[in-house]
Amino acid sequence: MQAIVNRFVFLGQQWLSSLKFFLPKNFKLFSLVTINAWWHGVKSFFKYFWWLFFVFLFFQSHEFHHLIYELLKILLPENNFLVQFFQKTGTMLGFVQFASKTILYHVHFFGVSFRPWVFFECLPFFFMFLAIRPSVKQKNYHYYFSYILQYIFFIFFLIVIGQIIWFFFSFIRPNLQLLLMKIIFLYPAPLETEMIRYSPIGIFAAYFYLDSNGSFINSIKCWWRGLKMVFYNYPFLIITMITMYIFLMEIFPRIPFIDVFFFIKYVGPILGLFVTWLAYILFAAIFNNFYLKRVHENYELYF
């Protein structure tokens, strides 16, 4: 009985400790460090992966393809090769987008449905983690792509985790599923891509894995460590997630002159993806700084 009481006391101490980040003195320092990490992360990521931004636009936004076509018609003669190419690939692009979101989203393998598209869709977010994460190595193409094998291990187990989650949640009533998802994952949709992008468990798991030797075994252990990080710091994470949601979904889109751009035919999709990536790098910076601080304070607890 005393052991159980001690466990609850320890948990309460960890929760209170996580809330100390919001004390004025700590919050000011934490914010300055986060903004600095975000700015350096943005510069490093877009320096090497600006082209990945346009690849995503190409596959996900028909408006972007049409914008290029309209610009080429203005700048070049109508019989120019590039103009003809983009005119003829309009239908093909539609098929590629359809295939990427259907055929590559749901592939059945030995009776199990998984999504190969996850391996590509999660790639920029994994690179964002690397851009934010402190390293003594020079951050260049060699640095980023040296983690490709670890990325494959991590995403593979991410898919496995997603399948396990859906298996257990299939036994729960639909109206209760959403509530449990929000409580456990602090995000209502535990798909593979959403888990690594928005769920603190997935983000912390990625950081734990990057701080390991990159083996397949550690790609499994990192999820347990990520779960412990969420469990012992739950109050901080709830406040942070709610604050980020209110700012990004309620306040930012209503800022004068900014909201107008999202409704412009060609600018909206481009600006939307760009702002999403900038916001996510900030998201990754917040959790990375918190992760570093908590692991430094309680290394034995998480490892």
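For residue 118, work out the one condition from (1) modelled with pLDDT of 75 or more; (2) crowded, with 16+ Cβ neighbours inside 10 Å; (3) among the β-branched types (Val, Ile, Thr) it doesn't fulfil.
It fails just one condition, (1).
Kindly list, by first and then second residue, each pair from a residue in region 132-151 that is closer than 23 Å to residue 282 by Cβ and modelled with pLDDT of 90 or more to a residue that is among the charged types (D, E, K, R) and part of a loop (DSSP other than H, G, I, E, B), limited to pairs with Cβ atoms under 7 Å and residues at least 6 apart or on different chains.
143/137
Within region 175-211, count every residue that is in a loop (DSSP other than H, G, I, E, B) and modelled with pLDDT under 80.
The number of residues fulfilling the criteria is 7.
Quick one: would you say residue 214 is modelled with pLDDT under 85, closer than 20 Å to residue 302 by Cβ and either crowded, with 22+ Cβ neighbours inside 10 Å or within 20 Å of the chain's Cα centre (by Cα) (or both)?
yes
Restrict the check to region 274-288 and report whether at least one residue is among the β-branched types (Val, Ile, Thr), in contact with a helix residue (DSSP H, G or I) (Cβ under 7 Å, 6 or more places away or on another chain) and at pLDDT below 70.
no
Can you spot a residue in region 60-80 that is closer than 28 Å to residue 130 by Cα, in contact with a Leu (Cβ under 8 Å, 6 or more places away or on another chain) and at pLDDT 65 or above?
no
The values are calculated or read from the model by the stated rules, or taken from the named source; none is laboratory data. Being a predicted model, the structure only gives us computed values, none of them experimental. Ideal geometry is used to build each Cβ from the backbone, glycine not excepted, and the neighbour counts take in all protein chains shown.
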